[in-house]
1. Out of the residues in the stretch 1-17 that are closer than 15 Å to LEU35 by Cβ and of a type in the set (S, T, N, Q), state the one that is farthest from the chain's Cα centre (by Cα).
2. Count, please, the residues in the stretch 9-59 that happen to be part of a loop (DSSP other than H, G, I, E, B) and of a type outside the set (Gly, Ala, Ser).
3. With (1) under 30 Å from THR77 (Cα atoms); (2) modelled with pLDDT of 85 or more; (3) under 18 Å from the mean Cα position of the chain (by Cα) as the list, and GLU59 as the residue in question, which single condition is left unmet?
4. Inside the stretch 22-68, can you point out the residues that are of a type in the set (Phe, Trp, Tyr) and under 17 Å from LEU7 (Cβ atoms)?
5. Please list, ordered by first then second residue, the pairs with beta carbon atoms under 8 Å, 6 or more apart or interchain, first in the stretch 30-51 and among the polar types (S, T, N, Q), second surrounded by 11 or more Cβ atoms within 10 Å (Cβ to Cβ) and assigned to a loop (DSSP other than H, G, I, E, B).
6. What number of residues within the stretch 24-55 are surrounded by 11 or more Cβ atoms within 10 Å (Cβ to Cβ) and not hydrophobic (A, V, I, L, M, F, W, C)?
Amino acid sequence: MANTSLLQVQTSAEEKASAILEKLGTNLSAVVNMLIKQVIITERIPFEVKMGRFVYSAEEAVNEVRATMAFEDMDLTE
């Protein structure tokens, strides 16, 4: 049997995450183990970590909203 360690994590989001993971057919413990294995395999964090910055310029954001509203047959007014 492989050596195992107990990992304790403090989070305010565990209940919501657990509910989502249950719908996906897994659990928090399995996902944490997957994350750790991917860190070992890839020797990096297996997802992008960055500061929350606006991806779009103001014009691009307006154009995206306009396109979404047009898809819903709604007009964008100034």
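1. Checked the stretch 1-17; the qualifying residue farthest from the chain's Cα centre (by Cα) is SER5.
2. 19
3. That leaves (3) as the condition not met.
4. Residues satisfying the conditions do not exist here.
5. GLN38/PRO46
6. Summing the residues that are surrounded by 11 or more Cβ atoms within 10 Å (Cβ to Cβ) and not hydrophobic (A, V, I, L, M, F, W, C) in the stretch 24-55 gives 7.
The values are calculated or read from the model by the stated rules, or taken from the named source; none is laboratory data. Since the structure is predicted, the reported quantities are computational estimates derived from the model, not experimental observations. Every residue, glycine among them, receives a Cβ derived from its backbone with ideal geometry; neighbour counts consider all protein chains shown.
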